[in-house]
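The values are calculated or read from the model by the stated rules, or taken from the named source; none is laboratory data. Predicted model, so just to flag it, every value in this text is computed and none were measured. Cβ placement follows ideal geometry from the backbone for every residue including glycine, while neighbour counts extend to all protein chains displayed. Keep in mind that these areas ignore ligands, DNA and RNA; they rest on the heavy atoms of the full protein, side chains included. Shrake-Rupley method; radii C 1.70, N 1.55, O 1.52, S 1.80 Å.
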Amino acid sequence: MSDHLRPETLALHTGIHRSQFNEHSEAMYLTSSFVFDSAAQAAARFAGNEPGNIYSRFTNPTVTAFEERLAVLENAETCIATSSGMSAILACVMGLLSAGDHIVASRSLFGATVNLFNNILKKFNIDTTFVSATDAGAWEAAVKPNTKLFFLETPSNPLTEISDITELARIAKKSNCWLVVDNCFCTPILQKPLELGADIVIHSATKYLDGQGRVLGGAVLGHRDLLMEGGIYGFLRTAGPTLSAFNAWVILKGLETLKVRMETHAQNALQMAQWLESQANVARVFYPGLASHPQHELAKRQQQSGGGIVTFEVKGGKDAAWRVIDSTRLISITANLGDAKSTLTHPATTTHARISQKARDAAGITDGLLRIAVGLEAVQDLQNDLARGWS
Ligand SMILES: Cc1ncc(COP(=O)(O)O)c(C=O)c1O
């Protein structure tokens, strides 16, 4: 597809390979395996001497269509789809790292990612040093001779801290490490980490890429050599956490509306953040689009807007935070984010409950903290719903 087309056009027209029926909407290929014309063709496909599908754990045309579309949006050479965001992260570390390697990671990561690095990878003799998301000097100081990978989310979950991708890419390159960026909060509509020097982008497609909270999915994007020969695709194809054709189809359709959704999420989130800042019961608001955000200037350079996630601390700790949640009638009490419907969660007892109190304190996840993933509803209705918790 011609590269002068804009993202909203590419999101609608990339990855279309019509069948003999010439369907307008993409076909969904729900099949576990593919049939060969002959034994010789089967042998040629398995030997890699002839292109084509073999088995849906390896490739599937619907999944390929999703991969092509997301790759074009992220400006990536290659995209490999996975069954979830966590399996994208797992594939990345299992493909690229070996026992004895070391990771430097942001202290402000999604709880399951912290758990994976801290507890599961440790069993395989892969250690992680967690550092401040925003202190580039700390990343450089944490590098050891066996460090292979830098891992971050920006904005981070839930505190929306912004890491300087360009600066950390420079340090990673100098240290012979790969920089992996989880781009789940921004999506390629608001931020393109590969263009800023990252080696790999990770997605939980479960979030904004689907956009309606329907299915799980994930993706790893980057240079073909790193993904294909670097062991990531090999791990996925062998171990099996690949994306199903059904989920790929759902997310492929989600991508069609990604730009308009992200723009509205961000406009609504900015209005919510400004309003929350004016509320007497709110101690602090974390939103990169606010001038009060510590990395607001960096966010303006690095992202198209502040995104759709607003985190705020209510006065009165856990009891007050739970009261706000339990008073809502419209906003969904669920830990997912990136849905057209607004969602509200208490990170300390949900997404970040499985990490230690010490790690939560270090990451600034206090008991009064609430995270709202602002949806596409009328902002006034969302404000009325939240205000019930403190009126
Ligand atoms: C920033 C971030 N990365 C990764 C994940 C994991 O994605 P999944 O739930 O699709 O495995 C999540 C999930 O909430 C997330 O918020």
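Structure data summary
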read-out: Estimated 222 nm signal from helices in the chain, with DSSP H stretches of n ≥ 4 weighted -39500 (n - 2.57), rounded to 500; value: -10500 deg cm²/dmol
read-out: Accessible surface of S305 - all protein chains present, 1.4 Å probe, nearest 10 Å²; value: 40
read-out: Cα centre as origin, Lys/Arg/Asp/Glu Cβ charges: the range 7-256 dipole, Debye; value: 560
read-out: Heavy-atom accessible area ranking, 1.4 Å probe, most first, across E229, E153; value: E229, E153
read-out: Per-residue ³J(HN,Hα) for the range 53-70, Karplus 6.51 cos²θ - 1.76 cosθ + 1.60, θ = phi - 60°, Hz, x for Gly and Pro; value: 7, 10, 7, 6, 6, 8, 8, 8, x, 5, 5, 4, 4, 4, 4, 5, 5, 5
read-out: Out-of-range pairs (alpha-carbon distance over 28 Å; input K253/K318; K192/K358; K259/K358; K300/K341); value: K253/K318; K192/K358; K259/K358
read-out: Residue-wise HN-Hα coupling along the range 30-46, computed from phi with Karplus coefficients 6.51, -1.76, 1.60 (Hz; x: Gly, Pro); value: 8, 8, 7, 10, 10, 9, 9, 6, 7, 4, 5, 5, 4, 5, 5, 5, 5
read-out: Principal-axis tilt of helix 245-256 within the chain, Cα atoms, nearest 10 degrees; value: 60
read-out: Surface per residue (accessible, 1.4 Å probe) for the chain, Å²; value: 42
read-out: Exposure rule at most 14 other beta-carbon atoms within 10 Å, DSSP loop chymotrypsin sites (Phe, Trp or Tyr not before Pro): the chain longest free segment; value: 125-391
read-out: Gyration tensor verdict on the range 1-111 (Cα atoms; rounded if a/c is under 1.5, prolate if a/b is larger than b/c, oblate otherwise); value: oblate
read-out: Cα-based convex hull volume of the chain per residue, rounded to whole Å³; value: 141
read-out: Exposure of M94 as accessible area (Å², to 10), given a probe of 1.4 Å and all protein chains; value: 80
read-out: Degrees separating the helix 317-327 axis from the principal Cα axis of the chain, which is the longest one; value: 70
read-out: Rounded Å value of the spacing that divides the Cα centres of the range 24-80 and the range 263-284; value: 44
read-out: Candidate residues T64, T328: accessible-area rank, largest first, probe 1.4 Å; value: T64, T328
read-out: Accessible surface, 1.4 Å probe, highest first, among residues T154, T129; value: T129, T154
read-out: Dipole of the chain, positive end: most advanced residue of N281, L298, A76 [Cβ charges, Cα centre]; value: N281
read-out: Cα principal axis extents for the range 117-182, largest first, Å; value: 30, 29, 17
read-out: Extended-chain gain in nm, criterion 0.36 nm per residue less alpha-carbon gap, S132 and S327; value: 66.8 nm
read-out: Cα centroid of the range 353-372 to Cα centroid of the range 178-211, whole Å; value: 24
read-out: Sparsely packed GluC sites (Glu not before Pro) within the range 21-123, loop by DSSP, other Cβ within 10 Å at most 11; value: E23
read-out: Selection from L179, P61, I126, by position along the positive dipole direction of the range 7-256 (Cβ); value: I126
read-out: Cα-only radius of gyration and Dmax that characterise the range 102-211, units Å; value: 13.2, 41
read-out: Derived scalar couplings ³J(HN,Hα) [the range 295-311; Karplus, 6.51 cos²θ - 1.76 cosθ + 1.60; whole Hz; x for Gly, Pro]; value: 10, 4, 5, 4, 4, 5, 6, 8, 10, 6, 7, x, x, x, 10, 10, 10
read-out: With every protein chain in place, the chain: carbon and sulfur % of accessible area (1.4 Å); value: 52
read-out: Segment K300-A42, length gained on full extension (0.36 nm per residue, minus Cα span); value: 87.6 nm
read-out: I251 accessible area, assembled protein chains, probe 1.4 Å, Å²; value: 0
read-out: Residue (of A269, L236, I189) at the positive-pole extreme of the range 181-325, dipole from beta-carbon charges; value: A269
